[in-house]
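Below is one structure; the comments refer to it alone.
The values are calculated or read from the model by the stated rules, or taken from the named source; none is laboratory data. Source: prediction; values computed, not measured. No Cβ is skipped: glycine too gets one built from the backbone with ideal geometry, and neighbour counts run over all protein chains shown.
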Amino acid sequence: MRETLWGYHADLGVTLFLLVLLRGVWGLWNLSNRPTEAGPMGCAAKVGHAGLYTLMVIVPVLKIIGSAGGTRGFSYLGLQIFPARDVAIAWTKTILEWHGTFGWILTALVLGHICAAIIWHHLIKRDDVLKRMA
């Protein structure tokens, strides 16, 4: 299954990255319309969302930078963005390792966010936040 999905990884990642940028602009444009939560949970929500958005930008940027100096090149939807190099630029290997590490951290945060939203908003507060999100 991993091998089947791996071929879509870069295209899906770049597409999600572009959607995150679009969503970020939309969110900043509508910042005054965002619902607020007071107290410790409000603070946790702000920190959690900031972490999610930060990693949703950093993870693909690391991949793009790392690929620019890598031996595999980089393409998006069949369009060559960076050609493959004969020899990788040494520091870009480290950048690509960070991409993997931060990608797994992002995965854990997303799963935690989903669980927290279900537990807090659906089971404890019983509000309509999940309906609005859907």
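Note on the stretch 36-86: among residues that are of a type in the set (S, T, N, Q) and not in a helix (DSSP H, G or I), the one that is surrounded by the fewest Cβ atoms within 10 Å (Cβ to Cβ) is 36. Take the conditions closer than 18 Å to residue 77 by Cβ, out of contact with any His (no Cβ under 9 Å at 6 or more places or on another chain) and touching a residue at least 12 places away in the same chain (Cβ under 8 Å) and apply them to residue 5. Does it pass? Spelling it out, it is not the case that residue 5 is closer than 18 Å to residue 77 by Cβ, out of contact with any His (no Cβ under 9 Å at 6 or more places or on another chain) and touching a residue at least 12 places away in the same chain (Cβ under 8 Å). Note on the stretch 87-134: residues that are assigned to a helix (DSSP H, G or I) and either of a type in the set (Asp, Glu) or touching a Cys at 6+ places or on another chain (Cβ under 8 Å) (or both) amount to 1. Restricting the first member to the stretch 69-81 and to residues that are under 19 Å from residue 93 (Cβ atoms) and at pLDDT below 90, and the second to residues that are of a type in the set (Phe, Trp, Tyr) and surrounded by 13 or more Cβ atoms within 10 Å (Cβ to Cβ), the beta-carbon pairs closer than 7 Å and six or more apart or on different chains are 73/82. Among what's in the stretch 1-35 and is of a type outside the set (D, E, K, R) and part of a loop (DSSP other than H, G, I, E, B), pick the residue that is nearest to residue 80 (Cα to Cα). Across the stretch 1-35, the extreme among qualifying residues is 1.
Any chance the stretch 39-56 includes a residue that's modelled with pLDDT of 90 or more and farther than 24 Å from residue 116 by Cα? For the stretch 39-56, residues modelled with pLDDT of 90 or more and farther than 24 Å from residue 116 by Cα: absent.
Among the residues of the stretch 24-33, not a single one is out of contact with any helix residue (DSSP H, G or I) (no Cβ under 8 Å at 6 or more places or on another chain), touching a residue at least 60 places away in the same chain (Cβ under 8 Å) and either farther than 30 Å from residue 120 by Cβ or exposed (fewer than 14 other Cβ atoms within 10 Å of the Cβ) (or both). Which residues, taken from the stretch 4-38, are among the charged types (D, E, K, R) and at pLDDT below 80? Once the filter is applied, which keeps residues that are among the charged types (D, E, K, R) and at pLDDT below 80, the stretch 4-38 yields 34, 37.
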